[in-house]
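Everything below concerns the one structure shown next.
The values are calculated or read from the model by the stated rules, or taken from the named source; none is laboratory data. Just so it is clear, the structure is predicted and the values come from calculations on it, not from any experiment. Backbone-built Cβ (ideal geometry, glycine too); neighbour counts: all protein chains shown. Protein only, heavy atoms only, side chains kept; ligands, DNA and RNA dropped before computing areas. Shrake-Rupley method; radii C 1.70, N 1.55, O 1.52, S 1.80 Å.
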Amino acid sequence: MSTTSRPPIWQLIRDAVAPLGRETSNGEIKQLLLNAYPDLNEATIACQIAICTVNRVGRVSYPENKKPRLANSRYDFLFAIGRGKVMWYEPAKHGLWSIVETPDGLAVQRDEDATDDVGTLLDIDAVEPVDDGFGGGAFALESHLRDYLARNPPTLPGHGAPLTLFVGEDGRSGVEYQTDCGPADLVFRDEAKNFVVFELKLGRGPDAALGQVQRYMGWVDTHLANGKTVSGVIVANAISDKLKYAAKVAPNVRLMEYRLAVTLAPVALQMPGVGGQQ
């Protein structure tokens with residue numbers, strides 16, 4: 001069916017979820033749409049689900065959500081309730097959600113005055129089990145690691161400057177950058193404008209991560225690179241031996257481990273204006 005003869009995908013998602021009257025999964029939504037419109041791209045459907053989910057952290061990466069506003073537009077009708085699960089967004093039940101401007105950029109925020117008992121579930125379908133046995137600590141959510149690196153781009157060995165987050169001509173940032181192979185966790189550029197694709201794993205990086213990042217790299221090379229080189233970085237709390245063996249024959253992919261550190265600073269007990277201090 002021609003794309004000119006069907007409604008926009010966000011509207012198809014809305015019309016599929018609204019009559020269900022229950023929670024559903026991203027997979028079920030995709031199947032409902034593909035049954036009616038087999039020509040649709042699954043990655044595009046996933047992208048539109050993220051755009052329309054009011055408590056999804058990554059939704060601010062898309063052009064539809066690039067301005068602060070209350071979540072009451074045509075793109076605000078899904079609420080994430082679990083790993084890959086959503087339901088119809090009800091402000092009276094889930095609280096009022098907004099896209100707000102913060103010192104670190106746009107963010108998703110729930111109204112603090114809401115009195116319902118639903119927790120603040122931000123990008124909950126990015127949760128992965130965390131293996132704490134490797135030392136150095138681990139992020140609780142993959143989205144936390146992703147957002148930290150997006151705000152604090154690293155400097156790779158052999159480079160003289162930190163990476164910069166990629167921003168496409170359509171205004172989309174390199175955070176959860178949607179490709180035909182799925183969303184790439186982070187897409188950066190180095191000082192020579194070459195592309196660096198990051199794949200993030202909370203615990204021990206599996207060898208399957210290599211194929212995953214290479215698929216994203218291939219897509220970036222085909223659609224974005226325009227002659228620039230494309231490399232990949234797999235970041236994990238620990239790198240498995242299987243992944244090390246696989247990466248030995250993939251010279252354009254780096255393996256890196258992250259470590260968390262907490263520094264405690266003493267707090268002076270003397271208050272200003274007390275005991276003659278001003």
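If packing is taken as the average count of other Cβ atoms within 10 Å, what order do 165-172, 51-58, 177-184 fall into, highest mean first?
Descending packing order for the listed peptides: 51-58, 177-184, 165-172.
Quick one: ranking LEU255, LEU269 by accessible area, 1.4 Å probe, largest first, what do you get?
Numbers: LEU255 55, LEU269 160 Å².
Largest accessible area first, the residues go LEU269, LEU255.
Mind listing which trypsin sites (Lys or Arg not before Pro) in the stretch 189-264 are in a DSSP loop and have 16 or fewer other Cβ atoms within 10 Å? Can you show the working numbers first?
Details: sites: ARG189, LYS193, LYS201, ARG204, ARG215, LYS228, LYS242, LYS244, LYS248, ARG254, ARG259; in loops: LYS193, LYS201, LYS228, LYS248, ARG259.
Answer in residue order: LYS193, LYS228, LYS248, ARG259.
Express the carbon and sulfur contribution to the solvent-accessible surface of the stretch 1-92 as a percent, rounded to the nearest whole number, probe 1.4 angstrom.
Details: 2230 of 4300 Å².
Exposed carbon and sulfur together represent 52 percent of the surface.
If each of ALA268 and THR44 carries a label point 7 Å out from its Cα toward its Cβ, how far apart are those two points in nm?
6.1 nm
Students often check this: by mean Cβ neighbours within 10 Å, which of 72-82, 14-24, 152-162, 92-102 ranks highest, and how do the rest follow?
Working: 72-82: 18.7, 14-24: 13.7, 152-162: 11.8, 92-102: 15.9.
With the highest mean Cβ count within 10 Å placed first, the list reads 72-82, 92-102, 14-24, 152-162.
If the only charges are +1 at each Lys and Arg Cβ and -1 at each Asp and Glu Cβ, what is the size of the charge dipole of the stretch 200-266 around the Cα centre, to the nearest 20 debye? Walk me through the intermediate numbers first.
On the way: 9 positive and 4 negative charges, 14 e Å.
Magnitude of the dipole: close to 60 debye.
Under the √(5λ) rule applied to the eigenvalues of the Cα gyration tensor, what semi-axes describe the equivalent ellipsoid of the stretch 164-209? Give them in Å, descending. Intermediate values should be presented prior to the final figure.
Values: eigenvalues 88, 36, 14 Å².
Each semi-axis is the square root of five times an eigenvalue, giving 21, 13, 8 Å.
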